[in-house]
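Okay, so here's the structure we're looking at.
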Amino acid sequence: MFYTFFGHDGPSRLGVPLFATVADVRNGAGWSLTSARSDKQLQLLAFVSTLALNDASDVPHWYVNGRLQKAFVSKSVWNVIRPHKPLVSWSTLVWHKAAIPRHATTAWLFVLNRNPTLDRLQSWNPDNLTTCLLCGSGLESRDHLFFDCAYSVVVWLLITRRLNLHTAPYSWNATLTWLPTAHSDRYVRVALLQGWQAAIYGIWFERNTRFHTGLTHSPDVVARNSLRIVIDKCYAMCSLGSALGSLLLQIWHPL
Ligand SMILES: [Zn+2]
């Protein structure tokens, strides 16, 4: 209070340390403050003399953006102090209530084009090979893998047809545009987001398996494994009482 009223030199002018408590400036006879030598000090003494004090313990009051809070909530404080940026258009495609964390994270990194696809590796080392490990032709890039690649597109179509969607685009940009409008039922759209992320994760996992071990699997196996992870997620949501999990499970209709 002294700091607010007097400014930065308030503590030294009043002889009261910056972090002094009320008890530090009280004694048995009342306030223990230096005599007023300015109008401001006089105003301060006049004000504090009107305060009715009691023996109750101090209670902290938390203000966020000038509004008194019932309790300290770290989320509210973080929202005030963190940098704010405009919401990106793809955020709801990556982060949603039925997302599988490792799928969403992989999709997110591909949206940012930060995963080490061979075209990116070549920009750091021109001697690197860039031929797609899945189809054996074409330059491996994000846009090729999802889903210009003859191998990847089979995985993608197997997953989208499971949702009775038969107009799925193959190009990266067209897919991002299509996902939010692909179906009139919003739960089918959520299932589609699960499927899209599962396809990305499964295809990238297969690509990395080939890169590191040389083992290969058919698109059918990749699609089946990807869908199994999605359906396990829906079962897990159901076991936690999620109505969304139950709806998604009906949409995926596990065999
Ligand atoms: Zn390919």
Screening Thr4, Thr21 for residues that are modelled with pLDDT under 80 and within 50 Å of the chain's Cα centre (by Cα) leaves only Thr4
Of Val111, Val77, Val73, the only residue that is away from the ligand (no atom under 16 Å from the Cβ), open to solvent by less than 50 Å² (accessible area, probe 1.4 Å) and more than 27 Å from Ile229 (Cβ to Cβ) is Val77
Restricting the range 199-229 to residues that are over 21 Å from Asn115 (Cα atoms) and among the charged types (D, E, K, R), the one surrounded by the fewest Cβ atoms within 10 Å (Cβ to Cβ) turns out to be Asp220
Counting only residues in the range 146-186 that are crowded, with 18+ Cβ neighbours inside 10 Å and small (Gly, Ala, Ser), the one farthest from the ligand (Cβ to nearest atom) is identified as Ala182
Per the filter on the range 211-255, residues of a type in the set (Gly, Ala, Ser) and farther than 28 Å from Leu129 by Cα are Ala236, Ser239, Gly241, Ser242, Ala243, Gly245, Ser246
Restricted to the range 7-18 and to residues being modelled with pLDDT of 80 or more and part of a loop (DSSP other than H, G, I, E, B), the residue nearest to Ala36 (Cα to Cα) is Gly15
If you go through Asp119, Asp58, the only one that is of a type in the set (Asp, Glu), in the same structural domain as Trp156 (by TED's automatic domain parsing) and on the phi < 0 side of the Ramachandran plot is Asp119
Of the residues in the range 9-25, those that are of a type in the set (Gly, Ala, Ser) and open to solvent by 80 Å² or more (accessible area, probe 1.4 Å) come to Ser12
In the range 131-145, residues that are more than 29 Å from the chain's Cα centre (by Cα) and open to solvent by 40 Å² or more (accessible area, probe 1.4 Å) total 7
Taking the range 121-145 and the residues there that are more than 10 Å from the ligand (Cβ to nearest atom) and touching a residue at least 12 places away in the same chain (Cβ under 8 Å), the one that is farthest from Phe211 (Cα to Cα) would be Asp143
Across (1) more than 16 Å from the ligand (Cβ to nearest atom); (2) free of Cβ contacts under 8 Å to residues at least 60 places away in the same chain, Val94 clears everything bar (2)
For this session: For Ser57, state whether it is small (Gly, Ala, Ser), in a helix (DSSP H, G or I) and either open to solvent by 30 Å² or more (accessible area, probe 1.4 Å) or within 16 Å of the ligand (Cβ to nearest atom) (or both).
Result: no
So, first residue in contact (Cβ under 8 Å) with a residue 40 or more places away in the chain in the range 214-228, second residue aromatic (Phe, Trp, Tyr), Cβ within less than 6 Å, six or more apart or across chains; the pairs are Pro219/Tyr151
Conditions (1) part of a helix (DSSP H, G or I); (2) charged (D, E, K, R); (3) farther than 30 Å from Ser242 by Cα -> Lys75 fails only (3)
In the range 187-198, anything of a type in the set (Phe, Trp, Tyr) and open to solvent by less than 20 Å² (accessible area, probe 1.4 Å) is listed as Trp196
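The values are calculated or read from the model by the stated rules, or taken from the named source; none is laboratory data. Worth saying up front: this structure is predicted, and the values here are computed from it rather than measured. Here the Cβ is made from the backbone with ideal geometry for all residues, glycine too, and neighbour counts use every protein chain on show. Accessible surface areas use protein heavy atoms only, side chains included; no ligands, DNA or RNA. Shrake-Rupley method; radii C 1.70, N 1.55, O 1.52, S 1.80 Å.
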